[in-house]
Structure formats: C-alpha cells, structure tokens
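Input: a single structure, listed below in structure tokens.
The values are calculated or read from the model by the stated rules, or taken from the named source; none is laboratory data. Here the structure is a predicted model, which means the values were calculated and not measured. Note that we place each Cβ from the backbone using ideal geometry, even for glycine, and neighbour counts take in every protein chain shown. Protein only, heavy atoms only, side chains kept; ligands, DNA and RNA dropped before computing areas. Shrake-Rupley method; radii C 1.70, N 1.55, O 1.52, S 1.80 Å.
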Amino acid sequence: MSRRPLLFGTNFKMHQTPAESARFYRDLSASLPAADGVQLFVIPPATSLAAVCDLAKADDRGIWIGAQNMHWAPEGAWTGEVSAGMLVALGVDLVLLGHAERRAHFHEGDYDLNRKVVAGAAAGLRVLLCVGETAEERAYGVGPETVARQLKIGLHDFPAAALPRLLLAYEPVWSIGAGGTPAAPADVQPIAALIHGTLRDLFGEAAATVPVLYGGSVNPDNAGTFVGVPGIGGLFVGRAAWTVEGFRATLAAARESRSRGVEESRR
Ligand code: PGA
C-alpha cells in the first residue's frame, strides 16, 4: 500500500463569486482536521483566484489552489485568455487542463492541450491533465485507445524533470455531472493500469510516482471504493464537494478507506 499522500480536490466549474469562494476556503481551512497524509486542492473560477490565493498564502494549510484553464502562450493577442505566468503571479499552484467540459464545449484538442501542458510545467505550475473516453467511444470499445492517445499527444515532449509536478485524472466522460453514471471500480482499474503503463512507456520508471486520480460522480458513498482501486492515488470531485460539509464528508470517506487499506496491508 502506497504511503504517498492521498490527493483530494474539487473544481467549482463556473460557480461562485470571489466572496463565495473565499467563504468556502475560509470555512474549509478552519474546519479541517490536520491533513496528515492528504494533499488537498481547490480549483475555483478565474475571478476567484486572487481572493482564494491570498487566503491560502496567509494560512499554512498547504492547500493547492488551481486554475481551470490557461493559454499556452506567455502573452500576446489572445483576447479573453490567461497565461501561465499570470497564474503564477497570483500565487496559483496548479492548472487543470483537458477537463471533459473544455474538450467537449470548447473543442480543446490533444495537440493544443499538449502546448498548454508543456507551457504550464515550464512556468513551474503543477499540471493536472484530465483524460477519459466518451460514452460513444466506450460503446465502440475504444476507451483505452482514446485514453492512450490523449496521454501520448498531451504529454508529448513533456520534460522528465517536471514529472514531480504532473498529475493525471481519469474522468470517464459518461460518469461526469448530473447526467453521469457513476463508474464501478471494475471500470476504473484497467484504465488506471493503462495510464500507468503508458506513462512508463513515455518516461520510464521516473513516471512511477505520477499520481492518477479518479473523477466522475464521486460522493461520500462511493469515494471509499475508488480510493481502494489499485493505481488510484486520489479523487477529483465536482458537485459533492461544492459545500464545505460535502467536501469534508467525501474526504472523510476517502481517508477512512485509505487507512483501512493500510491496516489490511500490514496484516
Ligand atoms: P462531478 O464532476 O463530480 O460533479 O461528476 C466531476 C468533474 O467534472 O470533474
């Protein structure tokens, strides 16, 4: 059983004003038990980043604050976009790239995501790259091919020296959001193995420490089952963690399952 920290975080998507995100962060930070063995992250909308980063800098919780997207260029004629350097200047720790909603609604493709992934890492950000097949790809039996393609293109020329700042999230598109169907651990395990195997093919043993998170309709009732899946090192949660109570309840279920797993591995 791995002793690496359990990664656990939420993406607010397009919800919350700066004041609402700041209240969430303050309440969360004040109500959490000592986060021993857990690395938390919160990904608010862009307009909340400054307020939340300021709060995170002022406490010593070590909670990573993430952005939901960025552009690959350092600056330029890209109206409406934000660069990695701008995020770093705010105190952002992490950038989420390739979320299924960005891929589906904003037509983000693997080649452009690759430019973003490389630029984010070069700027010193942690990069959380999401991969996952659609329901249609699953129905045609090409889920593994989709995920392998997303990884091989998305991580092309990713520098091995930046691997400690790389995180992957497997989020099957059919499992995400209110219309999603929660995946079963049996759906997740083979893809987690495929992701680790592809990372090994790309980077060798240096990739063994890259964490793979699971996301898609995670809630307090099923969080424990996903934490127990071999190859899964954390959870990436949407709706269930948008209240402090929900965040804490889902985290508690994940931690409980993790410590049960550690106990069992000692026997
Ligand atoms: P959900 O969202 O937990 O609400 O399904 C997950 C995600 O979009 O990452």
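Results for (1) open to solvent by 60 Å² or more (accessible area, probe 1.4 Å); (2) part of a loop (DSSP other than H, G, I, E, B); (3) at pLDDT below 95, shown as yes or no for each residue.
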site: ALA77; (1), (2), (3): yes, yes, no
site: GLU81; (1), (2), (3): yes, yes, no
site: MET86; (1), (2), (3): yes, no, no
site: LEU96; (1), (2), (3): no, no, no
site: LEU128; (1), (2), (3): no, no, no
site: GLN150; (1), (2), (3): no, no, no
site: ILE153; (1), (2), (3): no, no, no
site: PHE158; (1), (2), (3): no, yes, no
site: ALA161; (1), (2), (3): yes, no, no
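Pairing each residue of the stretch 110-137 that is at positive phi with any residue that is of a type in the set (D, E, K, R), provided the two are 6+ apart or on different chains, yields C-beta distances under 7 Å for GLY132/GLU171. Of all the numbered requirements in (1) more than 23 Å from ASP36 (Cβ to Cβ); (2) within 14 Å of the chain's Cα centre (by Cα), SER175 misses one, and that requirement is (2). The number of residues in the stretch 78-101 that are in contact with a helix residue (DSSP H, G or I) (Cβ under 8 Å, 6 or more places away or on another chain) and within 15 Å of the ligand (Cβ to nearest atom) comes to 4.
Residues that are assigned to a helix (DSSP H, G or I), touching a residue at least 40 places away in the same chain (Cβ under 8 Å), more than 14 Å from the ligand (Cβ to nearest atom) and open to solvent by 40 Å² or more (accessible area, probe 1.4 Å) within the stretch 208-257 comprise THR209, THR225, ARG248, ARG255, listed in sequence order.
Taking the stretch 190-220 as the range and being among the polar types (S, T, N, Q) and farther than 18 Å from VAL142 by Cβ as the test, the residues that pass are THR209, SER217, ASN219. Does ARG239 satisfy the criteria of being basic (Lys, Arg) and farther than 29 Å from LEU155 by Cα? When the stated conditions are applied, ARG239 does not pass them.
If you go through the stretch 1-27 and keep only what is crowded, with 21+ Cβ neighbours inside 10 Å and more than 14 Å from the ligand (Cβ to nearest atom), you end up with LEU6, SER21, PHE24, TYR25. All but one of (1) hydroxyl-bearing (Ser, Thr, Tyr); (2) within 14 Å of the chain's Cα centre (by Cα); (3) more than 16 Å from the ligand (Cβ to nearest atom) hold for THR198; state the number of the condition that does not hold. Only one criterion is unmet by THR198, namely (2). Residues that are assigned to a loop (DSSP other than H, G, I, E, B) and surrounded by fewer than 22 Cβ atoms within 10 Å (Cβ to Cβ) within the stretch 177-207 comprise GLY177, ALA178, GLY179, GLY180, THR181, PRO182, ALA184, listed in sequence order. The single residue among ALA119, ALA104 that is open to solvent by 10 Å² or more (accessible area, probe 1.4 Å), over 20 Å from PRO211 (Cβ atoms) and away from the ligand (no atom under 14 Å from the Cβ) turns out to be ALA119.
Every test in (1) within 16 Å of the ligand (Cβ to nearest atom); (2) not in a helix (DSSP H, G or I) is passed by GLY141 save one, and that test is (1).
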